[in-house]
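Since the structure comes first, as structure tokens, the remarks are kept for the end.
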Amino acid sequence: MSVTVNGLDELKKLAGSDLGSSDWIEVTQDRIDTFADATGDHQWIHVDPERAAKGPFGAPIAHGYLTLSLFIPLFTELLDVQGVTTKVNYGLNKVRFPSPVKVGSRIRLTARLAEVEDVPGGVQIAVDGTIEIEGGTKPAAVLQSLSRFYA
């Protein structure tokens, strides 16, 4: 489900709204390996399937920051802001990783537009997000993301 708004005034009206859930995406070993190559983090628990199978999680797990980086593509499924010139990530207020994402797991984002506040030339939004693991009892990540949209 995607919510589309046209301009900052329509975006402001969504403050406090639930944005729903994204589609599920699979976290593959190839995605984990590509992230490891991009970041230089080749810890065995992520990239060595044989050793990781004998490790504490019984399989390779995604980097926490890989899981976090998937927030943006998942979020763009939920909210489309039209009629602005620039969209930028502004940061994060809080991030926790309650449960690891094992290779082959599917994750999705459930989000709520917590706040919309004016900033010079645009607005800043705070999004409360939960990255869920399909069939899991704990989420992979819980976060509040900040983005800015400029007119």
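Segment 49-123 gives an Rg/Rh value of 1.10, both radii derived from C-alpha positions and Rh following Kirkwood.
Using θ = phi - 60° in the Karplus curve 6.51 cos²θ - 1.76 cosθ + 1.60, the 3J(HN,Hα) couplings for segment 15-28 round to 3, x, 8, 6, 9, x, 10, 6, 6, 7, 10, 8, 9, 8 Hz; x is entered for Gly and Pro.
Principal-axis analysis of the Cα atoms of the chain puts helix 29-39 at an angle of about 70° to the longest axis. Bridgeable aspartates and glutamates around LYS13 (alpha carbons under 15 Å apart, same-chain partners fewer than 8 residues away excluded): ASP80, GLU115, GLU117, ASP118.
Share of pairwise Cα-Cα distances greater than 25 Å in the chain is 34 percent (whole percent). Between ALA59 and GLN144, what is the FRET efficiency for a Förster distance of 30 Å, r being their Cβ-Cβ separation, to the nearest 0.05? Result of the calculation: an efficiency of 0.55. Once Lys and Arg get +1 and Asp and Glu get -1 on their Cβ, which of SER17, VAL81, GLY122 lies farthest toward the positive end of the dipole of the chain? Comparing the listed Cα positions along the dipole, SER17 ranks first.
Straightening the chain between ASN93 and TRP44 buys 14.7 nm, computed as 0.36 nm per residue apart minus the Cα-Cα spacing. Remark on segment 1-58: ratio of C-alpha radius of gyration to 2.2 N^0.38 Å is 1.87. Rolling a 1.4 Å probe across the protein heavy atoms gives the chain an accessible surface of 52 Å² per residue. Using Stokes-Einstein with the Kirkwood hydrodynamic radius over Cα pairs, what translational diffusion coefficient do you get for segment 26-71 at 37 °C and a viscosity of 0.692 mPa s, in µm²/s rounded to a whole number? Taking Rh from Cα pairs, D becomes 313 µm²/s. The accessible surface of segment 41-143, taken with every protein chain in place and a 1.4 Å probe, is 50 percent carbon and sulfur.
Could you work out the percent of alpha carbon pairs in segment 87-151 separated by over 18 Å, rounded to a whole number? It works out to 43 percent of all Cα pairs. Computed over the chain with a Gaussian network model linking Cα atoms closer than 10 Å, the most mobile of GLY121, GLY16, GLY58 is GLY121. Charging the Cβ of each Asp and Glu at -1 and of each Lys and Arg at +1, and nothing else, the dipole of segment 1-105 about its Cα centre rounds to 400 debye.
The values are calculated or read from the model by the stated rules, or taken from the named source; none is laboratory data. Note that this is a predicted model, so its numbers are computed, not measured. As a convention, Cβ positions derive from the backbone with ideal geometry for all residues, glycine included, and neighbour counts pool all protein chains shown. Protein only, heavy atoms only, side chains kept; ligands, DNA and RNA dropped before computing areas. Shrake-Rupley method; radii C 1.70, N 1.55, O 1.52, S 1.80 Å.
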